[in-house]
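Taking it in order: structure first as structure tokens, then the write-up.
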Amino acid sequence: METACDIVVHAGSDRVWELVTDIELPIRFSPELQRVNWLDGAAGPALGAKFEGHNRNDEVGEWRTVSHVVAFEPPKTFGWAAVDPDGRYGDTEADPAKPMATWRFDLTPHEDGVLLRQGVRLGPARSGLSKFIDAMPDKKDAIIAYRLAKLRTSMEANLRGIKELAES
């Protein structure tokens, strides 16, 4: 269960990198992410750094995640694994090796600037999606397709926002 979107940004990789590693930036474009902050004294992105996100949507309500930076290769790759620290969805072990979702930005040089890709892989840990599948197992494929479509719409808005900021 994964999806990705990409966009060409007419800007240098350093500028695009600065934007994608600003964990507060998606709040401006995301319908779900409400607030975010670095944890354990981290002042910015680094391999192993953690940050907390507070999210909300109409289907699931509000939830909190803790994300572990699992990929950090400036200025090419920034990725994080989101876990359920509160056990809200049934998993009591918040293990970044078994996240609810793994998010990633990849920057690739392009003749017009940077090809920016944002992607997400859902699972293997339980998430809000699991509750809907548990309640309607016969509609599993439709539930997954619906969630992936919503995530794609959100990622497209985020990428357009990053592009606009980088190019301005």
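Here, each number is a calculation from the coordinates, and none is a lab measurement. In this text the structure is predicted, and so the values were computed from the model without any measurement. Note: ideal-geometry Cβ built from the backbone for every residue, glycine included; neighbour counts use all protein chains shown.
Quick look at the values:
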item: Taking N as its residue count, the alpha carbon Rg of the range 2-167 over 2.2 N^0.38 Å; result: 1.03
item: Packing-based order for 104-112, 81-89, using average beta carbon neighbours within 10 Å, highest first; result: 81-89, 104-112
item: Lysines whose Cα lies under 17 Å from that of Lys98, excluding same-chain neighbours fewer than 8 positions away; result: Lys50
item: Relative contact order (%) - the range 16-155, alpha-carbon pairs under 8 angstrom, separation at least six; result: 15
item: GluC sites (Glu not before Pro) within the range 52-105, DSSP loop, no more than 14 other Cβ atoms inside 10 Å; result: Glu59, Glu93
item: For the chain, calculated [θ]222 nm from helices alone, where every DSSP H run of n ≥ 4 adds -39500 (n - 2.57); result: -8500 deg cm²/dmol
item: Projected label distance in nm at Glu167 and Lys98, using a 7 Å step from Cα toward the beta-carbon; result: 4.4
item: Least to most buried among Leu116, Leu19 (fewest other Cβ within 10 Å first); result: Leu19, Leu116
item: Proxy reagent accessibility, fewest Cβ within 10 Å first, across Met1, Met100; result: Met1, Met100
item: Ile27/Asp112 FRET efficiency (R0 25 Å; Cβ-Cβ; nearest 0.05); result: 0.35
